[in-house]
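A short write-up of the structure that comes next.
The values are calculated or read from the model by the stated rules, or taken from the named source; none is laboratory data. Since we're looking at a predicted model, the values are computed, not measured. Cβ: placed from backbone, ideal geometry, glycine included. Neighbour counts: every protein chain shown. These accessible areas exclude ligands, DNA and RNA; they are computed on the full protein's heavy atoms, side chains included. Shrake-Rupley method; radii C 1.70, N 1.55, O 1.52, S 1.80 Å.
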Amino acid sequence: MTQKKTLKLPKLIGHRGVKDLCPENTLESIARALDIGLSFIEIDVKISRDKQPILLHDDTLDRTTNGSGLAIDYDYEDIKKLDAGKFFYKKNTNIFVPKLEDILNLCINNNGNLNIELKPNKNFEKENAHQIYEVTKNINQIDIFFSSFDMISILEISKLYPQSIRSFLLDDFKEYNIDDLISISINQDLKICGLNIDLISTDIIKKIKKSNILITVYSDKNINLSSANDIFSIGVDSIFVDNPIDLLGKF
Ligand code: G3P
Ligand code: MG
C-alpha cells in the first residue's frame, strides 16, 4: 500500500517498451527503453491460467508468440516456453513472455517507472486486478500508475488500491463521451486519462484540463516530432512512443 498520490509524468512514455525497436512487452523492449533514456514505460498485463500476471497485449498468443489460443487457457510455465521475439525478428529467438515481477525487478534495478495497463481477459478482469495489486502493493522504489480501457478493471483496481494513481483510457466515443470521461475520473479519483490521438482537439483538451486531469495520448502508429509538437502545444502532458529516437532531448 505504498504508492503515493502525486506523480510527475514525463513527456515521453515508452509504448509496450519501445515496440518499434524491439518485440513489444518483453524484457528486451523495456531494457532498451530504459537504456535510451525513457524514464516511464507502458506495459500490457493480464493473468495466465495459474494467475501469474504476464505481459501480453492481445487476448491470444497468436500475434506475438509462436503459440496460439487464449493466454488465460495456459499456465505460465508453458507460456514461458514460447518464442516472443520471432514475430519481430523473423527468426527463432530466446525471447520469452515475461512475468510482471520480472519487469518490476528490471525497473527497480534501473530506475525505471511503470504504467501498467490492465488488459481485458475474458471474464478474469477482477482477478487480473487482484493479482496485479498483490504483486505491486509493496513496491515503493519506483513510480507506478495503472490504466485500462476496461471499466471493470478500473473499478476493481480503484477499490483494491485507492491510493494508487490510475488512468481511464478511451479509444472512441461509442460508449463514453468526454463528459463521461471527466465524471468517471472525478468519481473514481483518477488523476490521468489516456486518449487515442484521433479523439483529441484543442477544445477537448481544454475541457479535461479544467478538471485538473492529466492527459496522455497514444496512437496506432509512432508519433513523430511534428505531431508531438502539435499535441504538446494544446496542453497534452505525455505521449506514448513506439520509437522515440527522433524525439529524445527535444522536450
Ligand atoms: O495506454 C496507451 C496504449 O497502450 C493503449 O493502447 O492497444 O497499445 O494497449 P494499446
Ligand atoms: Mg497498452
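Scan the range 89-96 and tell me whether some residue there is surrounded by fewer than 16 Cβ atoms within 10 Å (Cβ to Cβ), charged (D, E, K, R) and over 17 Å from the mean Cα position of the chain (by Cα).
yes
Grab the strands (runs of 3 or more DSSP E) fully contained in the range 90-171, keeping just those with 2 or more residues being touching a Cys at 6+ places or on another chain (Cβ under 7 Å) and either at positive phi or within 14 Å of ligand 1 (Cβ to nearest atom) (or both).
The strands (runs of 3 or more DSSP E) meeting that bar are 165-170.
Which number in (1) β-branched (Val, Ile, Thr); (2) under 27 Å from residue 33 (Cα atoms); (3) buried (at least 18 other Cβ atoms within 10 Å of the Cβ) marks the one condition that residue 108 misses?
Unmet for residue 108, out of (1) β-branched (Val, Ile, Thr); (2) under 27 Å from residue 33 (Cα atoms); (3) buried (at least 18 other Cβ atoms within 10 Å of the Cβ): (3).
Would you pick out the residues in the range 12-59 that are touching a helix residue (DSSP H, G or I) at 6+ places or on another chain (Cβ under 7 Å) and more than 16 Å from residue 117 (Cβ to Cβ)?
21, 22, 23, 27, 31, 48, 49, 50, 51, 52, listed by residue number.
For residue 128, are the conditions met, namely being within 18 Å of residue 38 (Cβ to Cβ) and at pLDDT 95 or above?
Answer is no for this residue.
For residue 174, are the conditions met, namely being among the basic types (Lys, Arg), open to solvent by 20 Å² or more (accessible area, probe 1.4 Å), under 30 Å from residue 37 (Cβ atoms) and at pLDDT 95 or above?
The answer is no for residue 174.
How about the range 134-167: which of its residues are within 16 Å of residue 99 (Cβ to Cβ) and crowded, with 19+ Cβ neighbours inside 10 Å?
Passing the criteria: 136, 144.
Failed condition for residue 34, given (1) more than 17 Å from residue 136 (Cβ to Cβ); (2) touching a Lys or Arg at 6+ places or on another chain (Cβ under 8 Å), with all others met?
The number of the failed condition is (2).
For the condition away from ligand 2 (no atom under 16 Å from the Cβ), more than 30 Å from residue 250 (Cβ to Cβ) and aliphatic (A, V, I, L, M), what is the one hit in 72, 54, 36?
Criteria check complete, one pass: 72.
Starting from the range 131-152, take each residue that is more than 25 Å from residue 59 (Cα to Cα) and list its partners that are of a type outside the set (A, V, I, L, M, F, W, C) and assigned to a strand (DSSP E or B), counting only C-beta distances under 8 angstrom and pairs at least six apart or across chains.
Within 8 Å, the pairs are 142/113; 143/113.
From (1) buried (at least 22 other Cβ atoms within 10 Å of the Cβ); (2) closer than 20 Å to residue 109 by Cα, pick out the condition that doesn't hold for residue 65.
Checking residue 65 against (1) buried (at least 22 other Cβ atoms within 10 Å of the Cβ); (2) closer than 20 Å to residue 109 by Cα, the one that fails is (2).
Taking the range 67-83 only, how many residues are of a type outside the set (Ser, Thr, Tyr) and either in a helix (DSSP H, G or I) or within 18 Å of the chain's Cα centre (by Cα) (or both)? Full working, then the answer.
Restricting attention to the range 67-83, the residues satisfying the condition of being of a type outside the set (Ser, Thr, Tyr) are 67, 69-73, 75, 77-83.
Applying the additional criterion that residues be either in a helix (DSSP H, G or I) or within 18 Å of the chain's Cα centre (by Cα) (or both) yields 71-73, 77-79.
Residues in the range 67-83 being of a type outside the set (Ser, Thr, Tyr) and either in a helix (DSSP H, G or I) or within 18 Å of the chain's Cα centre (by Cα) (or both): 6 in total.
Please work out if residue 46 is under 16 Å from the mean Cα position of the chain (by Cα) and not aliphatic (A, V, I, L, M).
yes
Can you tell me which residue is nearest to ligand 2 (Cβ to nearest atom) among those in the range 118-130 that are open to solvent by 10 Å² or more (accessible area, probe 1.4 Å) and touching a residue at least 40 places away in the same chain (Cβ under 8 Å)?
119
Kindly indicate whether residue 222 is open to solvent by 10 Å² or more (accessible area, probe 1.4 Å) and within 16 Å of ligand 2 (Cβ to nearest atom).
Yes: the conditions hold for residue 222.
Please specify each residue of the range 193-226 satisfying the condition of being assigned to a helix (DSSP H, G or I), of a type outside the set (A, V, I, L, M, F, W, C) and within 21 Å of the chain's Cα centre (by Cα).
Of all residues in the range 193-226, those assigned to a helix (DSSP H, G or I) come to 197-199, 202-210, 225-226.
After this cut, where a residue has to be of a type outside the set (A, V, I, L, M, F, W, C) as well, the list is 198, 202-203, 206-207, 209-210, 226.
Across the range 193-226, the qualifying residue is only 198.
Could you say whether any residue in the range 214-225 is over 27 Å from residue 118 (Cα atoms) and without any contact (Cβ under 8 Å) to a residue 40 or more places away in the chain?
yes
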